[in-house]
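Below is one structure, written out as structure tokens, with a few remarks after it.
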Amino acid sequence: MKIYDKLLELAGKRANYFCLIDPDKLNAEEVVRHAKTCEENGADGLLVGGSLMIHNNFESNLKLIKENVKIPVLIFPGIFNFVSPYADALLLLSVITSRNPQMLIGEQVRAAPLIKYYNLEAIGTAYMLIESGNNTSVQYMSNSLPIPHSKSDIAVAHALAGQYLGMKIVYLDAGSGAKYPVSNEMIAAIRENVSIPIILGGGIKTPEVAAEKAIAGADFIVTGNVLEENCDPKLIKEFADAIHNIRRQ
Ligand code: 1GP
């Protein structure tokens with residue numbers, strides 16, 4: 001079964017929980033422990049990626065993660081040389097809120113031949129950056145303006161454009177370490193207008209807020225920062241339980 005079909009199946013049943021792991025911030029031992037702790041406490045999948053690569057350990061850490069968990073491992077390529085065969089799939093992001101051609105198509109063209117070479121499943125992703133109270137790494141690194149926090153109509157138009165262009169998933173991101181997450185109103189407005197699954201991340205710090213976002217219509221809730229310094233099994237379980245409680249049937 002393709003990973004995308006699996007994601008559709010999961011999204012049809014309930015809201016789901018993804019943990020984001022930045023391989024650059026963890027050594028080999030830490031990355032295995034972190035990935036296993038996420039799986040054992042209810043994560044439905046792992047996103048692996050980040051905005052910078054300082055330690056040149058992306059591929060070795062990704063391989064270790066893949067060898068140690070059974071849940072889907074998806075590359076979340078903050079940097080487009082993050083293409084590797086040691087993943088179940090790759091979210092091929094186009095930053096559709098950007099007007100920087102390199103982020104819209106340039107980086108994808110660089111990545112595409114390698115994706116084919118590795119026969120990696122690529123999931124075309126309409127990546128939308130939403131203003132979140134501070135200038136986030138992704139905003140700075142992609143040289144892109146985010147959509148203003150309160151402009152749900154602009155966000156809906158972007159999500160619709162992504163869907164009509166054939167993208168398979170919307171990733172609504174306030175950016176890692178956002179001061180505040182994407183609003184419930186914006187999530188609900190997008191949910192009402194598009195049928196493809198919605199991944200939601202950026203600034204999710206408590207299980208209660210994660211549940212709110214799932215109720216508003218997000219199919220996959222991502223946490224990164226909140227577990228980065230302390231990969232607390234109890235907190236992961238609380239996130240997973242709160243999110244899984246939101247059923248779709
Ligand atoms: C960032 O959506 C992710 O792209 C996760 O954000 O690190 O703030 O949880 P946080």
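A few comments on the model shown:
- For the range 160-178 versus the range 41-94, the gap between their alpha-carbon centres in whole angstrom: 18 Å
- Near-label residues of the range 167-207 by backbone N, under 14 Å of a point 7 Å along Cα→Cβ of Lys2: 167-169, 197
- Alpha-carbon centroids, the range 143-159 and the range 221-236: separation in whole Å: 27 Å
- Placing a label point 7 Å from the Cα of Asn81 along the Cα-to-Cβ direction, the residues of the range 41-61 with a backbone N closer than 13 Å are 52-59.
- Comparing Lys116, Lys205, Lys179 in a Gaussian network model of the chain (Cα springs below 10 Å), the most mobile by mean-square fluctuation is Lys116.
- The chain - share of DSSP beta bridges that are antiparallel (%, nearest 5): 5 percent
- Here the chain is treated with +1 on each Lys and Arg Cβ and -1 on each Asp and Glu Cβ, and its dipole about the Cα centre works out to around 440 debye.
- All distinct Cα pairs of the range 3-244 go into the 1/r average, and the inverse of that average, the Kirkwood radius, is 17.5 Å.
- Over all other residues within a Cβ to Cβ distance under 15 Å of Ile96, the charged ones net out to +1, with Lys and Arg as +1 and Asp and Glu as -1.
- Placing unit charges on the Cβ atoms only, positive for Lys and Arg and negative for Asp and Glu, gives the range 183-249 a dipole magnitude near 220 debye about its Cα centre.
- Cβ-Cβ FRET estimate between Ile71 and Gln249, R0 fixed at 22 Å, reported to 0.05: 0.50
- Applying the criteria of a DSSP loop state and at most 12 other Cβ atoms within 10 Å to the chymotrypsin sites (Phe, Trp or Tyr not before Pro) of the range 1-94 yields no site.
- Along the axis of the charge dipole computed for the chain (Cβ charges of +1 for Lys and Arg, -1 for Asp and Glu, origin at the Cα centre), the listed residues Ile190, Ala174, Cys231 are led at the positive end by Ile190.
- MRE, 222 nm, helices only [DSSP H, n ≥ 4, -39500 (n - 2.57), over the chain, to nearest 500]: -12000 deg cm²/dmol
- Each label point was placed 7 Å from the Cα along the Cα-to-Cβ direction; for Met141 and Ala188 their separation is 3.3 nm.
- Model label points for Ala161 and Glu30, set 7 angstrom from Cα along the Cα-to-Cβ axis, are 3.9 nm apart.
FYI, it's all coordinate maths here, none of it is from the lab. As the structure is a computational prediction, the values presented were derived from the model and not from experiment. Quick reminder, even Gly has a Cβ in these numbers, built from the backbone with ideal geometry, and neighbours come from all protein chains shown.
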